[in-house]
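Data first, discussion second: the structure below is written as structure tokens.
No lab work stands behind these numbers, since they all come straight from the coordinates. These numbers were taken from a predicted model, which means no experiment stands behind them. Because the Cβ atoms are built from the backbone with ideal geometry, glycine has one as well, and the counts that use them run over all protein chains shown.
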There are 2 protein chains.
Amino acid sequence: MDSDKITIHDIAKLLNIDSSTVSRALNNSPRVTEKTKNRIIAKANELGYQRNHLASNLRLNKTNTLGVIVPRISRHFFSSAIAGIEETAYKLGFNVIICQSLELLEREQSNINTLLANRVDGVLVSISMETENYDHFEGLKQRKIPFVFFDRHCNIPETSSVLIDDFKAGFDATEHLIIKGCQSIAHFSGPLHLEIYKNRFEGYKAALSKHNLDFNDALLFSSRLMEQDGIDNVNKMLALSFRVDGIFSANDVAAISAMQQLKREGITVPKDIAVVGFSNETISAIIEPSLTTINQPGFDIGRSATELLVSQIKNGTKHTTNEHIIIHANLIERNSSQKGKQPKD
Amino acid sequence: MDSDKITIHDIAKLLNIDSSTVSRALNNSPRVTEKTKNRIIAKANELGYQRNHLASNLRLNKTNTLGVIVPRISRHFFSSAIAGIEETAYKLGFNVIICQSLELLEREQSNINTLLANRVDGVLVSISMETENYDHFEGLKQRKIPFVFFDRHCNIPETSSVLIDDFKAGFDATEHLIIKGCQSIAHFSGPLHLEIYKNRFEGYKAALSKHNLDFNDALLFSSRLMEQDGIDNVNKMLALSFRVDGIFSANDVAAISAMQQLKREGITVPKDIAVVGFSNETISAIIEPSLTTINQPGFDIGRSATELLVSQIKNGTKHTTNEHIIIHANLIERNSSQKGKQPKD
DNA sequence: CTGTTAGCGCCTTCAG
DNA sequence: CTGAAGGCGCTAACAG
């Protein structure tokens with residue numbers, strides 16, 4: 001028999017009981033004798049029964065589906081995060097729908113409509129670079145669909161998020177350079193209206209301050225996460241009237257192209273100049289094996305955000321959570337013992 | 001009113017007609033007057049009606065969902081492919097469930113079970129490195145669930161796939177080196193039981209042969225896609241009794257670590273030695289901006305595979321298709337004009 | 001062209 | 001503890 005089409009009625013008939021009892025047993029209801037429960041489960045396994053989630057979800061008015069909105073799947077941080085999201089979601093019995101905003105506000109809005117049309121039970125979002133207005137999240141709130149921001153968040157009241165401790169990361173990176181002896185440290189930033197770049201910048205300033213170094217805004221170089229920006233930043237930096245001896249780059253795209261430009265200019269990295277950059281294992285291995293980097297724990301963030309979201313979905317009633325989970329990003333001084341490792345995420 | 005809970009019955013009642021007519025109109029059935037159709041659609045929009053796919057799918061016994069199995073989401077080629085899959089699937093009205101095999105046969109099998117339990121309408125697969133036995137795909141065949149291989153495929157009869165023209169890519173890469181003047185060209189391969197690496201290797205040999213160069217198996221270096229392999233390959237290569245003047249690397253992981261090892265050994269790339277490697281824009285920009293690479297068109301492959309799969313799902317009856325779509329990978333000689341571009345996928 | 005009827009597979013009152 | 005009955009929202013016969 002097609003094990004594909006076994007329903008609770010089939011197994012009820014074979015056992016001369018009612019399908020409602022089967023349903024209860026399969027949902028582990030306490031209102032069924034252990035004995036009959038066991039008979040039912042045995043028969044279900046024997047027939048290769050698989051619950052029809054469509055029917056179940058229709059009845060229960062839920063989808064067991066999570067929506068995810070990220071700027072771009074192919075950026076390593078996000079694909080790692082998605083790996084963590086998928087794995088955790090499946091474990092908790094949820095499916096996942098993934099959408100890309102491609103850093104466009106308009107697409108982010110239409111992504112939300114897609115997810116709404118799919119009646120997702122909850123949403124995970126990392127906002128686009130363009131997003132400075134948060135009206136499109138109101139639709140989710142109205143329908144009481146919980147959502148959790150991860151990595152890139154925004155300050156909507158009564159909203160949860162899972163973040164990297166960007167302040168600490170920026171602080172650690174900068175302090176690392178200071179302890180190494182750098183006195184004049186440039187900061188390659190990202191779009192400063194995004195919280196993550198703002199916080200990394202604040203960390204940078206705090207570390208300078210702690211070590212009695214003045215902040216010089218000529219040393220702040222912003223960028224829009226383009227390759228060309230890193231090159232431009234290096235050129236501007238080298239045109240300064242004084243010598244820079246360290247760089248903390250808060251975005252990896254700029255970090256990478258900056259490294260290359262430095263090399264083209266005949267500057268040895270990281271001997272002539274010390275650099276710390278946000279990155280990931282693969283990339284950091286490539287740009288400069290001895291470079292100190294700060295890994296973005298994408299997988300962990302994805303896992304953590306999913307767990308938080310699912311707990312909100314299950315709690316149902318109180319949609320007014322305002323929980324913030326902070327995940328640390330660790331400074332990694334790469335050395336030869338790390339070669340040959342496969343990335344885990 | 002909660003636009004969330006509008007059903008066809010609500011709009012039927014408001015218009016004093018039957019819900020079945022509404023259903024027909026919304027499905028654009030030809031058996032409804034244009035006039036009533038318009039009234040219905042207008043009212044639906046007014047109320048913000050959204051079809052409940054769960055109910056519809058339950059009735060129609062389908063899920064409008066595609067399953068995807070890839071070795072690892074965070075590898076750039078696969079995340080690009082997924083971007084193409086998602087975009088195409090949504091356009092065609094399908095959702096997507098993504099699974100990672102992590103290059104493990106066992107996980108690939110359990111992925112298929114997950115997808116079966118989700119009653120997906122079709123599956124896209126890029127097999128794991130371990131997969132040499134294809135029994136686990138029988139379950140899909142039995143239940144008449146169509147599946148399409150992409151990139152990494154296997155020779156199951158009556159099965160479709162979307163592939164890169166790996167033979168041509170290998171041929172082009174090698175010929176490129178020969179035309180540049182290389183006489184002694186090493187080949188860094190991948191696991192040769194995988195069709196893609198076999199075909200690239202065949203292309204390599206064919207180019208040598210065309211240009212009257214002998215194949216020397218001391219110049220063939222295999223690997224398991226680990227960083228360490230590229231390093232080992234370079235060391236072995238440098239230990240040869242004769243000089244190598246070109247490398248064609250058929251896998252990017254090895255290519256990257258190999259480049260670094262060459263530099264550590266004081267060899268200038270690509271002056272002392274010419275290299276062509278499989279890669280992607282970002283990575284190739286990093287390892288060596290002037291390096292010639294072969295881009296894997298992940299997005300296109302994802303799109304194409306999805307279109308093929310959906311057409312098979314819609315054709316329903318004939319599950320015996322055996323279609324192979326070949327996508328070309330182009331040789332890219334990077335130059336400065338390509339800097340600053342954002343990747344599109 | 002439109003209405004009536006029935007049922008996809010499941011879960012949940014309400015009775016017993 | 002279990003059975004009977006109804007309905008989630010939609011669509012597809014079958015009538016008219």
Inset, instruction - Give, rounded to the nearest 20 debye, the magnitude of the charge dipole that chain A has about its Cα centre when Lys and Arg contribute +1 at Cβ and Asp and Glu contribute -1 at Cβ. - result: 1440 debye
Inset, instruction - Starting from the amide H of B:D151, placed 1.01 Å from N in the peptide plane, find each other amide H under 5 Å away whose residue is 5 or more places distant or on another chain. - result: B:V162, B:L163, B:I164
Legend entry - Selected from B:F242, B:F94, B:F299 as most flexible by GNM, with chain B as the system and alpha-carbon contacts under 10 Å: B:F242
Legend entry - Relative contact order (%) - criterion: Cα under 8 Å, at least six apart; region: region B:3-51: 48 percent
Inset, instruction - Grab the other residues whose beta carbon is less than 14 angstrom from that of A:A250, score K and R as +1, D and E as -1, and report the net. - result: -2
Inset, instruction - Quick one: dipole size for the protein assembly as shown, taken about the Cα centre, charges +1 on Lys/Arg Cβ and -1 on Asp/Glu Cβ, in debye to the nearest 20. - result: 2240 debye
Legend entry - Relative contact order (percent, whole number), chain A, Cα cutoff 8 Å, 6+ residue spacing: 18 percent
Legend entry - Cβ-based charge dipole, region A:117-204, positive-most Cα from A:N133, A:F167, A:I178: A:N133
Legend entry - Label distances, nm, B:H136 versus same residue in remaining copies, Cβ-directed 7 Å point: 3.7
Inset, instruction - Measure nothing but the geometry: give the 0 to 90° angle between the long axis through the Cα atoms of A:34-47 and the longest principal axis through the Cα atoms of chain A, rounded to 10°. - result: 70 degrees
Legend entry - region A:170-240 and region B:165-218: distance between their alpha carbon centers, rounded to Å: 46 Å
Inset, instruction - Would you mind listing the distances between the B:Q183 label point and the same position in each other copy? Use 7 Å along Cα-to-C-beta, nm, one decimal, shortest first. - result: 5.6
Legend entry - region A:66-224 - charge dipole about Cα centre, Lys and Arg +1 at Cβ, Asp and Glu -1, debye rounded to 20: 240 debye
Inset, instruction - Write down the radius of gyration of the protein assembly as shown and its Dmax, each obtained from C-alpha positions, in Å. - result: 27.9, 90
Inset, instruction - Tell me the GluC sites (Glu not before Pro) within region B:134-190 that lie in a loop according to DSSP and have at most 13 other beta-carbon atoms within 10 Å. - result: B:E158
Inset, instruction - Net charge near B:T88: determine it from the other residues with C-beta under 11 Å of the C-beta of B:T88, scoring Lys and Arg +1 and Asp and Glu -1. - result: -2
Legend entry - Where only alpha carbons of chain A are counted, the Rg and the Dmax (Å): 25.5, 90
Legend entry - Loop trypsin sites (Lys or Arg not before Pro), region B:104-150, which have at most 10 other Cβ atoms in a 10 Å radius of their Cβ (DSSP): B:K144
Inset, instruction - Work out the FRET efficiency for B:N235 and A:R243 from their Cβ-Cβ distance, taking R0 = 51 Å, and round it to the nearest 0.05. - result: 0.85
Inset, instruction - Would you please give the FRET efficiency between A:L92 and B:A42, computed as 1/(1 + (r/R0)^6) with r the Cβ-Cβ distance and R0 = 41 Å, to the nearest 0.05? - result: 0.50
Legend entry - Among A:Q50, A:T7, A:T36 the positive-end extreme of the charge dipole of region A:3-51 (Cβ point charges): A:T36
Legend entry - chain B: calculated mean residue ellipticity at 222 nm from DSSP helix runs of at least 4, using -39500 (n - 2.57): -13500 deg cm²/dmol
Inset, instruction - State which entries of A:K141/B:K314; A:K62/B:K37; A:K13/B:K141; A:K271/B:K180; B:K144/B:K205; A:K13/A:K144 exceed 32 angstrom in Cα-Cα distance in the structure shown. - result: A:K141/B:K314; A:K271/B:K180; B:K144/B:K205; A:K13/A:K144
Inset, instruction - Pairs of Cα atoms under 8 Å, at least six residues apart: use those to get the relative contact order of region A:89-174, whole percent. - result: 22 percent
Inset, instruction - Would you pull out the residues with amide H under 5 Å of B:I247's amide H, same chain only if 5 or more places away, H placed 1.01 Å from N? - result: B:A186, B:A274, B:V275, B:V276
Inset, instruction - Pop out the ³J(HN,Hα) list for region B:54-68 in order, Karplus 6.51 cos²θ - 1.76 cosθ + 1.60 with θ = phi - 60°, rounded to Hz; leave Gly and Pro as x. - result: 4, 5, 4, 5, 4, 4, 8, 6, 8, 10, 6, 10, 10, x, 10
Inset, instruction - Mind telling me which of A:I17, A:I327, A:I196 comes out most flexible in a GNM of chain A, alpha-carbon contacts under 10 Å? - result: A:I17
Inset, instruction - Give me the aspartates and glutamates in straight-line cross-link reach of A:K5: C-alpha distance below 15 Å, same-chain residues under 8 apart excluded. - result: A:E46, B:D121
Legend entry - Residue mean of other protein chain beta carbons inside 10 Å, B:71-82: 6
Legend entry - Positive-end residue of B:P71, A:T65, B:A25, charge dipole of the protein assembly as shown with Cβ unit charges: B:A25
Legend entry - Placed amide H near A:C99: partners under 5 Å, 5+ positions off or other chain: A:V68, A:I69, A:V70
